[in-house]
Amino acid sequence: MTAPQASLRSMTAFAAGRGGVPGHEWTWELRSVNGKGLDLRLRVPDWISGLEAGLRAKLTAALSRGNVSLSVRVQAEEAGGRLTVNAAQLDAALDAVAEVEARAMARGLSLAPARPGDLLGIRGVLEMTSAEADTEALCAAMLTDFDAVLSDFETMRAQEGAALAALLEGHLAEIARLTDAAATAAEARRPEAAAALTAALARVMEGAPGADEARVAQELALIAVKSDITEEIGRLHAHVEAARALLASGAPVGRKLDFLAQEFNREANTLCSKAGSSTLTAIGLEMKAAVDQLREQVQNVE
């Protein structure tokens, strides 16, 4: 199976496979979950020289983030062998027989000569052996076979990523809608804010007749500026465009999207703190909810 064109990829995926060559069969299980970096955990037979290093190289080249677990089980097929004599064990058996005969002769006893069958019946003298496995060829075959498993794994990551991209775009569209709504509400409250500022100035001057009207007006204007959300609206629009560009880039963008989600949250909090009206407060709270949903889904992105 061939992985699709580069796109947003999820860190959650699973793939399995089975393969074999004459003399050996194996099964693969490859799975991953969310992770801040790339954490590879391999369970590989240590008697196949070079297999673990080769698998790590392939995984590192293909993946950038996630807690990845790979398990492979290898089973050797039953193969015909041949009987061989263990020379060391035979020598030990002959030495034992010679010692028994010597002790018997010392006591004047005569023993029947030992027969070859008697010696071969001693445990360890006769062994069943088989040809040693060619682990280099086995390793090469397994690494080639793993390519298909890794391809299926990447395909699943891409499919999950496509679903994630749709969800994230939905959250971004909602944030953009709420940003526009906040801008509209802020513009609508300008006359009301100006009237409130004029009324506040009148109250201050009435309560403190000797106060410098220009200085009081300046201070009230500073308060009004601090409650202005124009900059927040601009940054929210910019963040939405930046997030959409990342989604379309086809690169591993999980960390960058996570950073943008934090920025969205900061702007939404500031919007709420500067609201000054029930309408803007309600919009700010809706935006915080949308941002929280965005942040939750971003955690799954590679």
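The values are calculated or read from the model by the stated rules, or taken from the named source; none is laboratory data. Note that this is a predicted model, so its numbers are computed, not measured. Here the Cβ positions follow ideal geometry from the backbone for every residue, glycine too, while neighbour counts run over all protein chains shown.
Here are some notes:
- Qualifying residue in the range 68-91 (condition: at pLDDT 85 or above, surrounded by 11 or more Cβ atoms within 10 Å (Cβ to Cβ), of a type in the set (A, V, I, L, M, F, W, C) and not in a strand (DSSP E or B)): no
- Where residue 23 falls short, out of the listed (1) at pLDDT below 90; (2) loosely packed, with under 12 Cβ neighbours inside 10 Å; (3) of a type outside the set (Ser, Thr, Tyr): (2)
- Total residues in the range 5-20 satisfying the condition of being exposed (fewer than 15 other Cβ atoms within 10 Å of the Cβ) and not in a strand (DSSP E or B): the figure is 2.
- Test: residue in the range 201-212 that is farther than 30 Å from residue 89 by Cβ, in the same structural domain as residue 247 (by TED's automatic domain parsing) and at pLDDT 70 or above: no
- Looking only at the range 101-112, and only at residues there that are at negative phi and either assigned to a loop (DSSP other than H, G, I, E, B) or surrounded by 12 or more Cβ atoms within 10 Å (Cβ to Cβ) (or both), the one that is modelled with the lowest pLDDT: 111
- The listed residue being crowded, with 18+ Cβ neighbours inside 10 Å and of a type in the set (S, T, N, Q), out of 32, 64: 32
- Count of residues meeting criterion [out of contact with any Asp or Glu (no Cβ under 7 Å at 6 or more places or on another chain) and modelled with pLDDT of 95 or more] in the range 1-16: 1
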